Amino acid sequence: MHRTPATIAPPLARRGAGPGIALLAAAGLLAGCAGGAGGAADQGSAEAGAGFAFGAAQSEVDAALAELDPVTITYQPSATSAESILGPNGTDIAEAIETRSGGKITVDVVWGQAIASYAEIDDALADGRVDLAYTLPSYAPTEYPAFDAIGTAMSTLPSSPVSGDLTTNAAGVQAGWDTPEVLAEFADKDLVPLIPLLASGGYSTMCSEALTGRADWQGTQMRIGSAAAGEQVTELGASPVSLSFPETYEALQRGTVDCDLGQLAPNVEAGTFEVAPHIGYTTEAGFSRAAGAYVAGKTYSELPLAYQQVIFDSMATAFSTMTELVIGAKAVAVEQALTAGGSVRPFDADVQSAIAEHAGQLSTRTAEDARVPEVPARLDQAARAWAEQIEELGHTDGGEFTRMPEWYPEDASYDDLGAVLFEQTMLPHRPH
């Protein structure tokens, strides 16, 4: 089976118009407006007009929006373009919003952080230049310490190509909503979290030479994306290098760094496996994640209630699309690495034991420093519960990571999980 980024069918194309909406309606047996999202959105909703029940028929939504003036919102997703492997993170959500609103909301998708970089996006949301965005609070751990504590605690969860990533993402969403300190960090910046924390994809090493045994790590120049990851690779004997992702390909090509520690999806897009074709991965505990979030800004809080609800409800699509893309990209990454003459191997047992031991220590210390000592246990409990539900939904690993291109279906869909997650975890925070 030959896979390229283009052969992973965009989730929107697989689902048809209005992705996720039919599943949400089917899941809407609890129809009605539950508790508010809090923060700025909740403050503005009292005089924002009538809304509609969760899971309402499209005719009821149309009636609720009938007298409202059309609006245009600006959405900045994570992808560089609509054609990129992560492009559906922009197009799927935009179409979900436009379809559910009956065309009353137009979504202007701005690619490639053209309005504001990840370092500037909070300000752009707060001042109204951007209305909806995928952000990376992990890049600012001192401003988001509770958020960072959850991302760090994710390093303690078991890893696998499908069920492991789905479990970590679902548990992360729940832990984000269940940690008041995380929500307060957004509120302090006048931001409204729609998905307060999204784990995205697991972390692997991509190296110019195979990196599996403990001796291989000694002196290796490892590009990292967070302070926690830097501490983890230092513990293994590598030297962490803080480098922006766009500079990584050239640094690997020139030998300035030996490896990149990161997610596979953006590296598929960047062509990293041309210069670093050796993938190393964990099967138990792993690395701290630079988690993201879907966040709305100043203008979202000023929209009519029904418009806020349309946008919030699209987050089921945001979750399922993101997980489909980051997991599907793994199969592409494996094939690209092997085609380039590389290897795809788990780290040796002694390396994994060292990673697991240090991950537990780092997770506890980070949570205590952030004054959320309960976070590691909370995340672990959520992960155990979601692992059972994910297995019940039939989302299991079909084989080893190294053979993923052979067993992973190109039409894989996690809409069912997105709908269940929304109903169980996000619905209580729906604007009302």
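Only one entry of ALA79, ALA96 meets the criterion of being under 26 Å from VAL332 (Cβ atoms), buried (at least 19 other Cβ atoms within 10 Å of the Cβ), without any contact (Cβ under 8 Å) to a residue 40 or more places away in the chain and not polar (S, T, N, Q), and that entry is ALA79. Does any residue of segment 139-149 turn out to be touching a residue at least 60 places away in the same chain (Cβ under 8 Å), within 29 Å of MET404 (Cα to Cα) and buried (at least 24 other Cβ atoms within 10 Å of the Cβ)? Taking every residue of segment 139-149 in turn, none turns out to be touching a residue at least 60 places away in the same chain (Cβ under 8 Å), within 29 Å of MET404 (Cα to Cα) and buried (at least 24 other Cβ atoms within 10 Å of the Cβ). A single entry from THR321, THR248, THR299, THR317 fulfils the requirement of being among the polar types (S, T, N, Q) and without any contact (Cβ under 8 Å) to a residue 40 or more places away in the chain: THR248. Just the residues that are under 15 Å from the mean Cα position of the chain (by Cα), at pLDDT below 95 and of a type in the set (Val, Ile, Thr), please, taken from segment 136-161. Within segment 136-161, just THR152 meets the criteria.
Within segment 277-296, if we keep just the residues that are modelled with pLDDT under 95 and not hydroxyl-bearing (Ser, Thr, Tyr), the residue that is surrounded by the fewest Cβ atoms within 10 Å (Cβ to Cβ) turns out to be GLU284.
Scanning segment 398-415 for residues that are in a helix (DSSP H, G or I) and open to solvent by 50 Å² or more (accessible area, probe 1.4 Å) yields a count of 3. Report yes if ALA331 is of a type in the set (A, V, I, L, M), in a helix (DSSP H, G or I) and either closer than 23 Å to GLY399 by Cβ or in contact with an Asp or Glu (Cβ under 8 Å, 6 or more places away or on another chain) (or both), otherwise no. Criteria met by ALA331. Here segment 162-181 is the region considered, the condition is being more than 16 Å from the chain's Cα centre (by Cα) and assigned to a helix (DSSP H, G or I), and the residue that is surrounded by the fewest Cβ atoms within 10 Å (Cβ to Cβ) is PRO180.
The values are calculated or read from the model by the stated rules, or taken from the named source; none is laboratory data. What you see is a predicted model, and the numbers here were worked out from it, not measured in a lab. Heads up, the Cβs are rebuilt from the backbone with ideal geometry, glycines too, and the neighbour counts pull from every protein chain shown. The accessibility values were calculated without ligands, DNA or RNA, using every heavy atom of the protein model including side chains. Shrake-Rupley method; radii C 1.70, N 1.55, O 1.52, S 1.80 Å.
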